[in-house]
1. Which value, to two decimals, describes the C-alpha radius of gyration of the chain once divided by 2.2 N^0.38 Å?
2. So what are the radius of gyration and Dmax for the Cα set of segment 1-43, in Å?
3. Can you give the angle from 0 to 90° between the axis of helix 30-39 and the longest principal axis of the chain, with both taken from C-alpha atoms, to the nearest 10?
4. Using Cα-Cα distances under 8 Å and only pairs 6 or more residues apart, what relative contact order does the chain have, in percent?
5. As a test of the formula, what do you get for the chain when each DSSP H run with n ≥ 4 contributes -39,500 (n - 2.57) and the sum is divided by the residue count, at 222 nm and rounded to the nearest 500 deg cm²/dmol?
Amino acid sequence: MDTETKKFANTAVKINVIKSVFGEGEKLKGKEIVERVRAQGYKVKDANLKMFIYYNMLYKHLKKEDINGINHYSLV
């Protein structure tokens, strides 16, 4: 495995990494979340991360707000 790119190990690791990209009271678009996760050195695909958020994190860890037709996520 490359030392530059990391893969998500399991659901708990994914949740913690995604939560770590949010600042205090910050609202992010899905694409911004993906960019920040990549900046931490993780190898992720746009669609895969968005689906993970939808199925595993929405309402439990993140809340979704529709602003002008674009989903913005923030920590619960």
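Read the figures in this text as sums done on the coordinates, not as results from a lab. It should be emphasised that the depicted structure is a prediction, and the values quoted were computed from it without experimental measurement.
1. Compared with the compact-globule rule of thumb, the chain sits at 1.06.
2. Cα only, segment 1-43: 10.8, 35 Å (Rg, Dmax).
3. 30 degrees
4. Across the chain, relative contact order equals 35 percent.
5. -10000 deg cm²/dmol, from helical runs alone.
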